[in-house]
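J.: Below is a structure I'd like to ask you about.
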Amino acid sequence: MNWTWFHKFGSPKWFFQWADKWGKLIFYIGIALFLVGLVLGLGFAPEDYQQGNSVRIIYIHVPAAMLAQSCYLALGVAGIVFMVWQMKMAPIFMKAMAPIGAVMAFLALMSGAIWGKPTWGTWWVWDARLTSVLILFLMYLGIVAIQNSFDDTKLADKAAAIIAIIGLINLPIIKYSVEWWNSLHQPATFVIGEKPSMPSEMWVPLLFSVLGFYCIVTALVCWRMQTELLIRERRASWVKKEVTKHGV
Amino acid sequence: MTYLSFLKSELLAVFYRKQDTINALAFFLIVITLFPLGVNPSADFLEPAAGGIVWCAASLAILLSVESLFKEDFNDGSLEQLIASGLYLPITILIKLVIQWCAVIVPLLLLIPLFSQMLFLPWSIVHVLIFTLLLGSPALFLVGTIGAALTVSLKRGAVLVLLIILPFYLPVIIFATGAISAAQAGQDYSGQLAILGAISLLSLALSPGMSAVSIKASMN
Amino acid sequence: MAFESFSEFLAMGTHGPYVWSVYGITGVFLVGMVLQTLSAKKKQLKRLHSILVKDVSEREK
Amino acid sequence: MQSTLTLSVSNLLIERAERLLCKDLSFEIHAGEIVHIVGENGAGKSSLLKVIAGVLSPLEGELFFAGERITAHRDVLQAQLCYLGHLAGVKSSFTVIENLALHFPAATEVQILAALRSVNIEKYATTPAYQLSAGQQKRIGLARLWLTNKKVWLLDEPFTALDTKGVTVLEEKLQQHAELGGMTLLTTHQKLNSTLHARELSLDS
């Protein structure tokens, strides 16, 4: 297998220029996909026979929840990459990613709670999915807190990486424990966002929306990494060149 | 410095810091008192909630006692000496932790029969509570140590440790209280105990090494 | 089309407030994130640029 | 044997809190030498000692001791190392004797008392350290020099908080250590007695 792409992403200069070239395109593609998903989902998808039109919240809830999980997964993997291979880009990626993941977890919680009101009659139900997202949100807050608590960037990077790795190991344990705990306390009546067989009118817009979210988050992370790179590599000659090129 | 002399001096340190152990137990007692006063003192509420209350109180007390595990050593230079001594850091951390565990958990276990009566936990269940504490608390100590090691150079790290470590305590709390409620319902609880043991073993495999890395990163 | 008219679309049966508040809040957060990200990048570029200009002018002196 | 006891440092790069302390630092210390690290405040004197002791890691560079590469693992050096940092690692709740017993489990009480006599704190042997003054606490750390048989001494500001008599005693000890084939690397703002023949190593570029 050819690993040059991996090494290229490890080079700050190469990444900065790559993000300059592709960031905007990815962002616009993401927006387009998301809008298509929204139009299809809000206007054309059928309403649910049980939940009525509130099911349309799925086009926000599911992508946000998926992103929240994927982002934490990515954080953990970046933590391992940093601790094992000392790759310089990994903590920059983590710094850019953590707040976005936290926002995604928050959006999933918020949409889940609002969806819960017409579905269950209360804003909050301690169901397995909402509870795990809540814990995930807390774990994000921990990582963001630790990233911002140290004056020494190196120590902050290492601390965040270690916590992300422990989080990655813990994630399946937490998920399993919460599901088990949930089955103990309330037999599942019906779980939001999960249908045995979803009609294509529903999952096609969902797919668009999910892909759109992924693209938007990718673009955002690229841009935030650029900012972080500018801060950390401010003395490097390539940064000076980029700064003159961008002008003001 | 040898492992044995380090062990002796740690025992001595725990002996001199008796007040810390007493503080942890007092904190535990206060949290337990909060529930009857703050929620409901009737046996109807307390009996099913007892396991959860004890475990929440224990988690907080343990985390607070672990949080400052390396603080004093960091501030007086002992930690530097320990690193420069050539002893294998993960092992010394483990020694420290075992002593701390004994200092906090042993008195706690002795007091558990008393506390469980205050919470109306039936006598026939008390031993299950003790089992869960024996099997689950090592995981809490081990995971908490990583947080303590990471924040050792911070002046005010206590809240940060609580924030980053408590989410990792949730599975332990869930399975521990699960075992207790299973026992209360007259069901088999050995599965939950086995999971608690497994989590503790996993933490034992990971925590000393990660704590050592964290401590080394914190030196300046 | 799942809806007969635009007003029906807005009402979403009886679930309009729920659906639209979710989409509204999400929109605010997404736009906020994008603006914050771009402005942070711009601010950093500007800061570095001003330092660079100062350096160059000092060297010329 | 003495000729193999050499500590050498090559192309060391030390960074602390994103500040470059030293770059391309190379030097060698041989048995019987006393090296005095000089440099301005914040030049990285303490950090250099910590890097050699293994407390901090250098960003770049290599360390060798007795012919072995010790950059990644300092075990070989640490087996021969007595490091006294800016903070001497004195536990305030321990008595003076208990503090020393941690480092010298094999030492008898007579030996420890003799060491305490050398640094003039014998009468406080069973006093908890927190009751002692800063200078007396510093002497607890220094007393280790009279108990240790380690060859490599790294001393960070050993003379602060010592009176003139204490300084003389410590200088004599350093002299004796050098004559016995030990090596000393120390930082101090004080002018060292010329009889020590200390070699100066400057960190200022």
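The values are calculated or read from the model by the stated rules, or taken from the named source; none is laboratory data. Predicted model only: the values in this text are computed from it and were never measured. Positions of Cβ are backbone-derived with ideal geometry, glycine not excepted, and every protein chain shown enters the neighbour counts.
J.: What do you reckon, is B:THR132 in contact with a Gly (Cβ under 7 Å, 6 or more places away or on another chain) and over 30 Å from D:GLU15 (Cβ atoms)?
T.: no
J.: Give all pairs with beta carbons closer than 7 Å in which a residue from segment D:115-133 that is closer than 21 Å to B:ASN75 by Cα meets a residue that is of a type in the set (Lys, Arg); count only pairs at least 6 apart in sequence or on separate chains.
T.: Taking only residues 6 or more apart or on different chains, the pairs are D:ALA129/D:LYS91.
J.: While we're looking at this one, here's another question. Any residue that is surrounded by fewer than 22 Cβ atoms within 10 Å (Cβ to Cβ) and away from chain B (no Cβ under 12 Å) - is there at least one of those in segment D:47-57?
T.: no
J.: Mind checking whether some residue in segment A:188-208 is farther than 30 Å from B:LEU154 by Cα, more than 7 Å from every other protein chain (Cβ to nearest Cβ), touching a Leu at 6+ places or on another chain (Cβ under 6 Å) and at pLDDT below 90? Don't jump to the end; show me each part of the working.
T.: First pass over segment A:188-208, keeping only residues farther than 30 Å from B:LEU154 by Cα: A:188-208.
Pick out the ones that are also more than 7 Å from every other protein chain (Cβ to nearest Cβ) and you get A:188-208.
Right, trim to touching a Leu at 6+ places or on another chain (Cβ under 6 Å) and you get A:205, A:208.
After this cut, where a residue has to be at pLDDT below 90 as well, the list is A:205.
Looking for residues that are farther than 30 Å from B:LEU154 by Cα, more than 7 Å from every other protein chain (Cβ to nearest Cβ), touching a Leu at 6+ places or on another chain (Cβ under 6 Å) and at pLDDT below 90, one finds at least one in segment A:188-208, hence yes.
J.: Inspect all residues belonging to segment D:106-120 and state whether any of them is within 12 Å of chain B (Cβ to nearest Cβ) and of a type in the set (D, E, K, R). Write out each step before concluding.
T.: Restricting attention to segment D:106-120, the residues satisfying the condition of being within 12 Å of chain B (Cβ to nearest Cβ) are D:106-107.
Now restrict to residues that are of a type in the set (D, E, K, R): none.
Taking every residue of segment D:106-120 in turn, none turns out to be within 12 Å of chain B (Cβ to nearest Cβ) and of a type in the set (D, E, K, R).
J.: Right, here's the next one. For segment D:79-88, does any single residue satisfy the condition of being in a helix (DSSP H, G or I) and either crowded, with 20+ Cβ neighbours inside 10 Å or at the interface with another protein chain (Cβ under 9 Å from one of its Cβ atoms) (or both)? Even if it seems obvious, please write down each step before you answer.
T.: Step one: of segment D:79-88, the residues in a helix (DSSP H, G or I) are none.
Scanning segment D:79-88 turns up no residue that is in a helix (DSSP H, G or I) and either crowded, with 20+ Cβ neighbours inside 10 Å or at the interface with another protein chain (Cβ under 9 Å from one of its Cβ atoms) (or both).
J.: Does C:HIS49 fit the bill of being facing chain A (nearest Cβ under 7 Å) and farther than 30 Å from A:TRP123 by Cβ? Talk me through it step by step, then tell me what you get.
T.: Working: facing chain A (nearest Cβ under 7 Å): yes; farther than 30 Å from A:TRP123 by Cβ: yes.
In short, yes.
J.: Follow-up. Out of the residues in segment A:129-155 that are hydrophobic (A, V, I, L, M, F, W, C) and touching a residue at least 60 places away in the same chain (Cβ under 8 Å), which is nearest to the other protein chains (Cβ to nearest Cβ)? Steps first, answer last, please.
T.: So in segment A:129-155, the residues hydrophobic (A, V, I, L, M, F, W, C) come out as A:130, A:133-139, A:141, A:143-146, A:150, A:155.
Restricting the remaining residues to those that are touching a residue at least 60 places away in the same chain (Cβ under 8 Å) gives A:133, A:136-137, A:139, A:143.
Working: A:VAL133: 12, A:LEU136: 8, A:PHE137: 9, A:MET139: 5, A:ILE143: 8 Å.
For segment A:129-155, the residue satisfying everything is A:MET139.
J.: Could you figure out which of (1) more than 7 Å from chain A (Cβ to nearest Cβ); (2) closer than 19 Å to A:PHE34 by Cβ isn't true of C:THR26?
T.: Looking at each condition in turn, C:THR26 falls short on (1).
J.: Listed residues B:ALA57, B:ALA84; which is buried (at least 18 other Cβ atoms within 10 Å of the Cβ) and within 18 Å of the chain's Cα centre (by Cα)?
T.: Working: B:ALA84 fails: within 18 Å of the chain's Cα centre (by Cα).
Being buried (at least 18 other Cβ atoms within 10 Å of the Cβ) and within 18 Å of the chain's Cα centre (by Cα) holds for just one of B:ALA57, B:ALA84, which is B:ALA57.
J.: Here is a further query. Mind listing just one residue for me: the one in segment A:31-49 that is within 10 Å of chain C (Cβ to nearest Cβ) and within 21 Å of the chain's Cα centre (by Cα) and, of those, nearest to A:PHE208 (Cα to Cα)?
T.: A:PHE34
J.: OK, next. Considering only segment B:100-118, how many residues are buried (at least 16 other Cβ atoms within 10 Å of the Cβ) and within 29 Å of B:THR2 (Cβ to Cβ)?
T.: 5
J.: Inside segment D:107-205, counting only helices (runs of 4 or more DSSP H) that do not spill past its ends, which hold 1 or more residues that are under 19 Å from the mean Cα position of the chain (by Cα) and among the aromatic types (Phe, Trp, Tyr)?
T.: D:134-147
J.: May I ask you to list pairs of residues, at least six apart or on different chains, whose Cβ atoms are under 8 Å apart, with the first in segment C:41-61 being over 27 Å from A:MET225 (Cα atoms) and the second being part of a helix (DSSP H, G or I)?
T.: Going by the 8 Å Cβ cut-off, there are no qualifying pairs.
J.: Of the residues in segment A:46-64, how many are surrounded by fewer than 24 Cβ atoms within 10 Å (Cβ to Cβ) and in contact with a helix residue (DSSP H, G or I) (Cβ under 8 Å, 6 or more places away or on another chain)? First the steps, then the outcome.
T.: Just the residues of segment A:46-64 that are surrounded by fewer than 24 Cβ atoms within 10 Å (Cβ to Cβ), to begin with: A:46-52, A:62.
In the following step, the residues that additionally are in contact with a helix residue (DSSP H, G or I) (Cβ under 8 Å, 6 or more places away or on another chain) were identified as A:46-48, A:51-52, A:62.
So the count comes out to 6.
J.: Counting just the residues of segment A:50-81 that are among the β-branched types (Val, Ile, Thr) and within 13 Å of another protein chain (Cβ to nearest Cβ), which one comes out farthest from A:PHE93 (Cα to Cα)? Before you say what the answer is, go through the steps one by one.
T.: Here is the first cut: in segment A:50-81, the residues among the β-branched types (Val, Ile, Thr) are A:55, A:57-58, A:60, A:62, A:77, A:80-81.
Pick out the ones that are also within 13 Å of another protein chain (Cβ to nearest Cβ) and you get A:55, A:57-58, A:60, A:62, A:80.
Details: A:VAL55: 34, A:ILE57: 30, A:ILE58: 29, A:ILE60: 25, A:VAL62: 24, A:ILE80: 12 Å.
Step by step, filter segment A:50-81, then rank; the result is A:VAL55.
The rows are residues; the columns are (1) touching a residue at least 60 places away in the same chain (Cβ under 8 Å); (2) assigned to a helix (DSSP H, G or I); (3) of a type in the set (Ser, Thr, Tyr); (4) away from chain D (no Cβ under 14 Å).
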position: B:PHE45; (1), (2), (3), (4): no, yes, no, yes
position: B:ALA61; (1), (2), (3), (4): no, yes, no, yes
position: B:GLU72; (1), (2), (3), (4): no, yes, no, no
position: B:LEU94; (1), (2), (3), (4): yes, yes, no, yes
position: B:VAL106; (1), (2), (3), (4): no, yes, no, yes
position: B:PHE120; (1), (2), (3), (4): yes, no, no, yes
position: B:GLY147; (1), (2), (3), (4): yes, yes, no, yes
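J.: Something else: Among (1) within 14 Å of another protein chain (Cβ to nearest Cβ); (2) in contact (Cβ under 8 Å) with a residue 40 or more places away in the chain; (3) buried (at least 22 other Cβ atoms within 10 Å of the Cβ), which single condition is B:GLY157 missing?
T.: Going through the list (1) within 14 Å of another protein chain (Cβ to nearest Cβ); (2) in contact (Cβ under 8 Å) with a residue 40 or more places away in the chain; (3) buried (at least 22 other Cβ atoms within 10 Å of the Cβ), B:GLY157 breaks only (3).
J.: Could you tell me which of the residues D:ILE121, D:ILE112 is farther than 21 Å from D:GLU33 by Cα, at pLDDT 90 or above and buried (at least 16 other Cβ atoms within 10 Å of the Cβ)? Full working, then the answer.
T.: Values: D:ILE121 fails: at pLDDT 90 or above.
None of the others qualify; the one that does is D:ILE112.
J.: Are there any helices (runs of 4 or more DSSP H) wholly within segment A:55-150 with 1 or more residues that are small (Gly, Ala, Ser) and within 21 Å of A:GLY37 (Cβ to Cβ), and if so which?
T.: Working: elements: A:58-85, A:89-120, A:128-147.
So the answer is A:58-85, A:89-120.
J.: Can you name the strands (runs of 3 or more DSSP E) wholly within segment D:1-75 that have at least 2 residues being under 17 Å from the mean Cα position of the chain (by Cα)? It would help to see each step written out before you state the result.
T.: Working: elements: D:6-16, D:19-30, D:34-38, D:60-65.
Passing ranges, in order: D:6-16, D:19-30, D:34-38.
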